[in-house]
């Protein structure tokens, strides 16, 4: 798939050959009450590795980069409100994080087709697995696949005026300009989706074309004036440390002159679809960067 825009001075930039991305929503139930880590992505990760120990090499920090897998923390519904289990380090919450025996929880997984056999093999084996001092049983799971890039991705911007991106787990924005231990904290669209742009285009190093694609996203999706009322800096607890991240949601209005161009609109639709499956930012394989995308 080739995309061309006058914003790139009439140069072509390329998406990679279409690849299949897979996703699943898995409902589980612990047998008994249990104390779990302050970020429940560790529970999901432990379940998947117990189901198939070959996934350990996929999850480990020295493995493939970027990771071909994304998980969410454990989720549940409370008073019809969607919640995910992780402790805010600045919330004043003192007790341990727990799950209740007999209650239903769920998690999301997104992964590339290259590890499909490993992930599905794990899902077939985790029923009755014991982690964090209780057995976990699979109640059900929903599975789907999508090929990206696509001329008709699941997320469409036809007749859409704005995009709402909800942060379901802490967001760690990567720096698109240079590798750095310091993170970005401005959730402009180009920064937020920088991993997805590079991954779907298979741009393995930061270069001029990559930065121009970042700039297109920043120009085409404009954050609203109340962004600091809806996006919050928080601290989450991971491996005993309090780490800063972002939570909340952000609305982006579509810049009409740009997004009425089919080539720009298709670019954005594919990137948003990829982000909803594979997460955004860093730490996606540990449960960070999980989002939902809504259009209106």
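All of the numbers you see were taken from the coordinates with simple rules; none came from a lab. Note that the coordinates shown come from a computational prediction; the quantities given were computed from them, not determined experimentally. Cβ coordinates were reconstructed from backbone atoms using ideal geometry, including for glycine residues, and neighbour counts include every protein chain displayed.
What to note about this one:
- Neighbour-count order for 117, 225, fewest beta carbons within 10 angstrom listed first: 225, 117
- In plain terms, the residue of 76, 84 with the fewest other Cβ atoms within 10 Å comes first and the most crowded comes last, giving 76, 84.
- q = 0.10, 0.22, 0.23 Å⁻¹, the range 19-147: log10 I(q)/I(0) [Debye, one scatterer per Cα]: -0.32, -1.39, -1.47
- Cα gyration tensor shape for the range 187-269, rounded if a/c is under 1.5, else prolate or oblate: oblate
- The angle between the Cα long axis of helix 262-278 and the main principal axis of the chain comes to about 10°, on a 0 to 90 degree scale.
- The range 22-46 and the range 79-95 have Cα centres lying 15 Å from one another.
- The mean sequence separation of alpha-carbon pairs under 8 Å and at least six residues apart, normalised by the residue count of the chain, gives a relative contact order of 27 percent.
- Helix-only mean residue ellipticity at 222 nm for the chain, each DSSP H run of n ≥ 4 adding -39500 (n - 2.57), per residue, nearest 500: -6500 deg cm²/dmol
- Within the listed set 257, 166, 145, the residue fluctuating most in the Gaussian network model of the chain (springs between alpha-carbon atoms under 10 angstrom) is 257.
- Listed values [x] 63, 20, 13; [y] 29, 21, 20; [z] 33, 21, 17, entry calculated as semi-axes √(5λ) of the Cα gyration tensor in Å: [z]
- Here the residues 118, 278, ranked from fewest to most Cβ neighbours within 10 Å of their Cβ, fall in the order 118, 278.
- Taking every alpha-carbon pair under 8 Å whose residues sit at least 6 apart, the range 19-147 reaches a relative contact order of 50 percent.
- Against the main long axis of the alpha-carbon atoms of the chain, helix 208-220 sits at an angle near 90°.
- In degrees, nearest ten, helix 41-51 long axis to first principal axis of the chain (Cα): 70 degrees
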